[in-house]
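Participant: One structure, as structure tokens, below. Some questions next.
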Amino acid sequence: MNYPFWEVPLFGGGLLITIIAILHVFVSHFAIGGGLFLVLLEARAYRDSDQSLLSYVKAHSKFFLLLTVVFGAVSGVGIWFTISLVHPDATSLLIHVFVWGWAIEWTFFLVEVSSILIYYASWDRIEPKLHIIIGWIYFVSAYLSLEVINGILSFMLTPGGWLENRSFWAGFFNPSYFPSLIIRTGVAFSLAGLYATFTASTLFFEEVKRKVVRYSCKWVMIGAPLIIIGGIWYNLVIPRKSLELVSGTAPTVSLFAMATVLLSIIIFSFAYFIGCRHPESFTRPLSLLFLLLGLLVTGVTEWTREAVRKPYIIYDYMYSNSILKGDIENLMNSPILSNAKWVSVREALPWNYHEAGEQVFRVECRICHTNTGYNGIKPLISSWTEDDIYEALGKLERLKGFMPPFVGNESERRALASYLSSLNE
């Protein structure tokens, strides 16, 4: 209510954030696991005096640099841009609560970018031992960056003791911090191997190709136990209502959660039965399919992770429409329009119900819903009368557990029902 509303036609702001975030996560986790992959494979090439393997590592490092530093950095900026426009209140909260965490993360990020640029630029220009040390500096700084970001992201679902004492450390080392970190570590290792199979599929020498594909698929497999252990632990610590969304109360969320498990099994089976046992059959189209499966499982997993927070953006503190849980009681029978700063109508009256209702919709609903696009409200209420809508608005949190309660006075509730009903005309 404190910021202007940014409307994204058809897509909606939430879907735009999701698309950018999925692509960023798919690359940023590769940036972590791939850094370790590079330095260990380089050390192996020097140990075995394998020039063909070393040539592959050099080529892979160029692909790694371009993808992680260029696309990864740009998509990271894209996330900040979109979340600050779609969820300015939540973004402001995360910045203020974790200001020193962000400062530390940016320090690690600067070391990370600098070291990978030096790593790539110094091939054959410095001693191998020093070059490997630079690679280790990159990986450590990248992983430390993940540790900081993980604390802030996991806080959004499980704020833990922060809700009572507003302590930085209580919010950072929240109940889902460690299980989430284990999952992300496993994903980083698996993506390192998955991307490497793609670059290895372009090699012309079959002996080197088989060696790299088999080695890369082992990295995919290494991530499996970490993801399983972290996933079980994660389900034990997340809020009960979030677990219920996954287990049946929200069918779409349940389907996406099941898709996460199924796609992961397919990828790990793919890596073992084809990559590890028959690496010679790993063609470029097959490796591209492997990569696309990885993107798909990243997408459904990230979507599920975001969905289980509903109806909150910061669990048990701030609803997805940026209204604080602590303010609900005071706002329940008070005019919401008079409290909102960026509306064109201040009071809902019988002769301006349509205009006032549209403003109420923007304040309370538009962050998640479009009219007819993604998560469009019109198809959901196509057979409802105005009175049906009015009654439903009074018990949203009971009818749909993943939706915030309606706040506002009776006139605003009637105005919103009038506006929503007009969409069916």
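Participant: Which count do you get for residues in the range 1-56 that are among the aromatic types (F, W, Y) and within 30 Å of L296 (Cβ to Cβ)?
Facilitator: Here the count works out to 6.
Participant: Being aromatic (F, W, Y) and closer than 22 Å to G12 by Cβ is the filter here; which residues of the range 345-386 pass it?
Facilitator: If the condition is that a residue be aromatic (F, W, Y) and closer than 22 Å to G12 by Cβ, then F361, Y374, W384 are the ones that fit.
Participant: Of all residues in the range 167-214, count the ones that are in contact (Cβ under 8 Å) with a residue 12 or more places away in the chain and over 26 Å from F282 (Cβ atoms).
Facilitator: Qualifying residue count for the region: 15.
Participant: For the range 354-366: of the residues being of a type in the set (A, V, I, L, M, F, W, C) and in a helix (DSSP H, G or I), which is most open to solvent (accessible area, probe 1.4 Å)?
Facilitator: V363
Participant: What pairs come up if the first residue lies in the range 123-152 and is at positive phi, the second is β-branched (V, I, T) and open to solvent by less than 70 Å² (accessible area, probe 1.4 Å), and their beta carbons are under 7 Å apart, counting only those six or more places apart or on different chains?
Facilitator: Pairs found: none.
Participant: Has the range 5-28 got any residue that is of a type in the set (V, I, T), over 26 Å from V187 (Cβ atoms) and either crowded, with 16+ Cβ neighbours inside 10 Å or in contact with a Ser or Thr (Cβ under 9 Å, 6 or more places away or on another chain) (or both)?
Facilitator: Checked the range 5-28: at least one residue is of a type in the set (V, I, T), over 26 Å from V187 (Cβ atoms) and either crowded, with 16+ Cβ neighbours inside 10 Å or in contact with a Ser or Thr (Cβ under 9 Å, 6 or more places away or on another chain) (or both).
Participant: In the range 327-354, which residues are free of Cβ contacts under 8 Å to residues at least 12 places away in the same chain and aromatic (F, W, Y)?
Facilitator: If the condition is that a residue be free of Cβ contacts under 8 Å to residues at least 12 places away in the same chain and aromatic (F, W, Y), then W351 is the only one that fits.
Participant: Could you list all residues from the range 306-326 that are touching a residue at least 12 places away in the same chain (Cβ under 8 Å) and out of contact with any strand residue (DSSP E or B) (no Cβ under 8 Å at 6 or more places or on another chain)?
Facilitator: E306, A307, V308, R309, K310, I314, Y315, D316, N321, I323
Participant: Only one of (1) crowded, with 19+ Cβ neighbours inside 10 Å; (2) under 23 Å from E42 (Cα atoms) fails for W136. Which number is that?
Facilitator: (1)
Participant: So, in the range 115-131, exactly how many residues are in contact with a Leu (Cβ under 9 Å, 6 or more places away or on another chain) and either over 20 Å from S55 (Cα atoms) or among the hydrophobic types (A, V, I, L, M, F, W, C) (or both)?
Facilitator: Residues meeting the conditions: 2.
Participant: Please go through the range 278-295 and pick out each residue that is of a type in the set (S, T, N, Q) and farther than 14 Å from I267 by Cα.
Facilitator: Listed by number, the residues that qualify are S281, T283.
Participant: Moving on. Residues to consider are G394, G357, G376, G326; find the one that is small (G, A, S), at pLDDT 85 or above and closer than 24 Å to L16 by Cβ.
Facilitator: Only one candidate qualifies: G376.
Participant: Next question, about the same structure. Here are the criteria: (1) touching a Ser or Thr at 6+ places or on another chain (Cβ under 7 Å); (2) open to solvent by less than 20 Å² (accessible area, probe 1.4 Å). Tell me which single one W303 does not satisfy.
Facilitator: (2)
Participant: Tell me whether the range 60-68 contains one or more residues that are more than 23 Å from the chain's Cα centre (by Cα), surrounded by fewer than 18 Cβ atoms within 10 Å (Cβ to Cβ) and part of a helix (DSSP H, G or I).
Facilitator: yes
Participant: Here's another thing I want to ask about it. Among residues belonging to the range 30-53 that are touching a Leu at 6+ places or on another chain (Cβ under 9 Å) and open to solvent by 10 Å² or more (accessible area, probe 1.4 Å), point out the one that is nearest to H131 (Cα to Cα).
Facilitator: If we take residues in the range 30-53 being touching a Leu at 6+ places or on another chain (Cβ under 9 Å) and open to solvent by 10 Å² or more (accessible area, probe 1.4 Å), then Y46 is nearest to H131 (Cα to Cα).
Participant: Now for a different question. How many residues, within the range 311-353, are in a loop (DSSP other than H, G, I, E, B) and open to solvent by 70 Å² or more (accessible area, probe 1.4 Å)?
Facilitator: Residues meeting the conditions: 6.
Participant: Ok, one more. Considering only residues that are of a type outside the set (D, E, K, R) and open to solvent by 20 Å² or more (accessible area, probe 1.4 Å), which ones fall in the range 378-393?
Facilitator: P379, L380, S382, S383, W384, T385, Y390, listed by residue number.
Participant: Can you report the number of residues in the range 367-425 which are under 16 Å from L331 (Cα atoms), without any contact (Cβ under 8 Å) to a residue 12 or more places away in the chain and part of a loop (DSSP other than H, G, I, E, B)?
Facilitator: Number satisfying all stated conditions: 1.
The values are calculated or read from the model by the stated rules, or taken from the named source; none is laboratory data. Source: prediction; values computed, not measured. For neighbour counting, all protein chains shown are included, and Cβ atoms are generated from backbone atoms with ideal geometry for every residue, glycine included. Remember, those area values only see protein heavy atoms, side chains included, never the ligands or the DNA or RNA. Shrake-Rupley method; radii C 1.70, N 1.55, O 1.52, S 1.80 Å.
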